[in-house]
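Heads up: the structure comes next, in C-alpha cells.
The values are calculated or read from the model by the stated rules, or taken from the named source; none is laboratory data. All figures in this text were calculated on a predicted structure; none of them were measured in a lab. Note: ideal-geometry Cβ built from the backbone for every residue, glycine included; neighbour counts use all protein chains shown.
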Amino acid sequence: MRVRVLGIGMGPGQVTGEVAAALADADYVVAARKRDADPLLDVRRELCADYGLDLVAVPDPPRDREPDDYPGAVSDWHEARVAAYAAVLRERGGTAAFLVWGDPSLYDSTIRIVRRLAELLPLEWDVLPGIS
C-alpha cells in the first residue's frame with residue numbers, strides 16, 4: 001500500500017510534471033467531503049476526471065469550532081480523520097493520493113495525518129510539493 005501527498009498548486013493548471021506523473025500512477029484520490037456544496041472538492045473532482053482517477057470523498061468528521069481545549073479538539077478531529085481514511089485504505093489498497101493546495105508542508109495537516117496512518121497501516125508514503 002502506498003500514499004502520495006501531492007501538491008497541486010492553486011488547481012489543475014498548476015500541476016507540476018512530477019505531480020502529473022504521480023497522478024498517472026495513482027489508483028485513486030482520497031479527499032475530505034466537508035459539506036454538500038464543496039468547491040475545493042469540486043476542483044479535486046475535476047483533476048481526477050483529467051487523470052481518469054476515482055475520487056473517494058470521505059465525510060469529514062464533525063468538530064467543535066469553539067472548544068475550551070482547542071489543541072485537544074483538533075487532535076481528536078485528526079484522529080477521527082485518520083480512522084476514516086484508514087478504513088478506505090484498508091478496503092481499497094493500492095496507491096492512494098491526497099491532493100493538497102500549494103506545497104503540502106505549508107499550512108496543512110495532511111502530512112501529520114499520513115504519518116499517523118503509517119503508524120497504523122503497512123504503507124509507504126511520500127510528498128511531492130506543488131507550486132505555492
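From the list Ala57, Ala24, which residue is farther than 20 Å from Ile111 by Cβ, aliphatic (A, V, I, L, M) and out of contact with any Lys or Arg (no Cβ under 8 Å at 6 or more places or on another chain)?
Result: Ala24 is the single residue among Ala57, Ala24 that is farther than 20 Å from Ile111 by Cβ, aliphatic (A, V, I, L, M) and out of contact with any Lys or Arg (no Cβ under 8 Å at 6 or more places or on another chain).
Taking only the stretch 56-71 into account, find how many residues are within 25 Å of Glu46 (Cα to Cα) and surrounded by 13 or more Cβ atoms within 10 Å (Cβ to Cβ).
The qualifying residues number 5.
Please find, within the stretch 105-132, the residue that is nearest to Val88 (Cα to Cα) out of those that are out of contact with any helix residue (DSSP H, G or I) (no Cβ under 7 Å at 6 or more places or on another chain) and part of a loop (DSSP other than H, G, I, E, B).
That would be Pro122.
Filter the stretch 77-101 down to the residues that are surrounded by fewer than 18 Cβ atoms within 10 Å (Cβ to Cβ) and within 13 Å of the chain's Cα centre (by Cα), then identify the one that is farthest from Arg63 (Cα to Cα).
Checking each candidate, the answer is Thr95.
Is it true that Thr110 is of a type outside the set (Gly, Ala, Ser), surrounded by 13 or more Cβ atoms within 10 Å (Cβ to Cβ) and closer than 12 Å to Arg4 by Cβ?
Details: of a type outside the set (Gly, Ala, Ser): yes; surrounded by 13 or more Cβ atoms within 10 Å (Cβ to Cβ): yes; closer than 12 Å to Arg4 by Cβ: yes.
So Thr110 fits the description; yes.
For Leu23, indicate whether it is of a type in the set (A, V, I, L, M) and either assigned to a helix (DSSP H, G or I) or surrounded by fewer than 14 Cβ atoms within 10 Å (Cβ to Cβ) (or both).
yes
Determine whether Val74 is without any contact (Cβ under 8 Å) to a residue 40 or more places away in the chain and assigned to a helix (DSSP H, G or I).
yes
Just the residues that are at pLDDT below 95 and out of contact with any Pro (no Cβ under 8 Å at 6 or more places or on another chain), please, taken from the stretch 103-127.
If the condition is that a residue be at pLDDT below 95 and out of contact with any Pro (no Cβ under 8 Å at 6 or more places or on another chain), then Leu106, Tyr107, Asp108, Ser109, Arg112 are the ones that fit.
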